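The structure under discussion appears below in the form of structure tokens.
The values are calculated or read from the model by the stated rules, or taken from the named source; none is laboratory data. Because the structure is predicted, anything quoted here is derived from the model rather than measured. Methodologically, a virtual Cβ is constructed for each residue, glycine included, from the backbone with ideal geometry; neighbour enumeration extends over all protein chains shown.
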Amino acid sequence: MGIGGLALGWLLNRESLLAKPLKPDLTAQSHSMLPKRPHHEPRAKAMISLFMHGGPSHMDLTDPKPELTRLDGKEYSGDVHYSFANEASRTLLGSPWKFKKHGQCGMDFSELLPHTADIADDLCMIRSMHTGHNGHEVSIRYINAGIPAVLGRPSLGAWLTYALGSETDELPAYMVLSDPGGHPVDGVHNWTNGFLPSLYQGTVLRAKEPRIFNLNAPAQLKGDVQLNYLDFLGQLNKAHLAKRTGEHTLEARIDSYELAARMQTAATEALDINGESAATKKLYGIDQDATREYSTRCLIARRLVERGVRFVQLFLNGQPWDNHENIHGALPGICRRTDRP
């Protein structure tokens, strides 16, 4: 689609010719992934969130502290407030890594992020954000749900897909690319739909192939046999739902089955990176052992948003950026894994 087509699509959405109402209610018939009118003229069609659990050390990566470097190794004379008594110390520690300014904007990066530094002029770095809580789970909920310490609130991806819908009916609007090492801290709460209908929760792809189990029908169900089976199943499900109006979970399950049928072709193509050029794979870092796994997920995320998925989120297992100790050894390793992709 050319730029004229994109502009036409936005104009039609604005005039409600292609879109759901601006403020859809929570009745059963409103739970649709049709593109919805945004509150403001859109500047982006999709979002990829690279979620860095544990909190990357800003003073070692993007926020140099020259005074702390000057005082490295000296004793702090003021009051020390700490959460973990066994880690409390008055000895100041400056960053052991060198910083340089990059790009025409002069953005600060340490030597641990050379590839991110190369695109400094394409980035917007916010260094004024802070949180009033040092607990990881609580702070993660601040970011993902906007409220601390309360489970059951919709995640960011759920809100985005609820508000904006999707550009495709062949793939889920909100997809999560999980880590082969397991779920992040707080697990499935990171991509929950909360009190929104189940339709808006994140769809998790496996960390390894096959990324979706049972995506392709067995031989005995392919072709017309599967179509007839799905048609009959759809009739039974809708008859069951008609007697149970307001059952949003049931409605979402029916929608999921119908989406699964459409995904057999669309997802197979979207998740197959074999057609990407060798140059593209090298650019992402798929040719290197240290970056192959994470860069593969980054490339898949790009392919998903190119095909209309609204929100894609990549997680790391646990919280590998939570460097309470051995920062000299741990921080370079996680930077090597994520910097280039």
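What to note about this one:
- Meets criteria (more than 18 Å from ASN326 (Cα to Cα) and without any contact (Cβ under 8 Å) to a residue 24 or more places away in the chain) for MET129: yes
- Qualifying residue in the stretch 241-248 (condition: of a type in the set (Val, Ile, Thr) and in contact with a strand residue (DSSP E or B) (Cβ under 9 Å, 6 or more places away or on another chain)): no
- Scanning the stretch 91-134 for residues that are exposed (fewer than 10 other Cβ atoms within 10 Å of the Cβ), touching a helix residue (DSSP H, G or I) at 6+ places or on another chain (Cβ under 7 Å) and hydroxyl-bearing (Ser, Thr, Tyr) returns no hits.
- Residue ranges of helices (runs of 4 or more DSSP H) in the stretch 191-289 with at least 3 members within 30 Å of ARG141 (Cβ to Cβ): 248-270
- Single match in THR245, THR291 (criterion: buried (at least 20 other Cβ atoms within 10 Å of the Cβ) and of a type in the set (S, T, N, Q)): THR291
- No other residue among ALA330, ALA252 is under 27 Å from ALA117 (Cα atoms), out of contact with any Phe, Trp or Tyr (no Cβ under 7 Å at 6 or more places or on another chain) and among the aliphatic types (A, V, I, L, M) apart from ALA330.
- Options GLY181, GLY194, GLY146: the member that is free of Cβ contacts under 8 Å to residues at least 40 places away in the same chain, farther than 18 Å from LEU259 by Cβ and not acidic (Asp, Glu): GLY146
- Some residue of the stretch 73-82 being modelled with pLDDT of 95 or more and of a type in the set (A, V, I, L, M): no
- Qualifying positions in the stretch 41-87 - in a loop (DSSP other than H, G, I, E, B) and among the acidic types (Asp, Glu): GLU41, ASP63, ASP72, ASP79
- Enumeration of residues in the stretch 124-163 that are modelled with pLDDT of 90 or more, among the aliphatic types (A, V, I, L, M) and either closer than 25 Å to ARG307 by Cα or in a helix (DSSP H, G or I) (or both): LEU156, ALA158, LEU160
- Top-ranked residue in the stretch 307-341 [being under 30 Å from TYR162 (Cα atoms) and surrounded by fewer than 17 Cβ atoms within 10 Å (Cβ to Cβ); ranked as modelled with the highest pLDDT]: ARG307
- Positions within the stretch 88-117 being in a loop (DSSP other than H, G, I, E, B) and among the acidic types (Asp, Glu), in sequence order: GLU111
- Of all residues making up the stretch 184-230, the number that are at pLDDT below 80 and either of a type in the set (A, V, I, L, M) or surrounded by 12 or more Cβ atoms within 10 Å (Cβ to Cβ) (or both): 11
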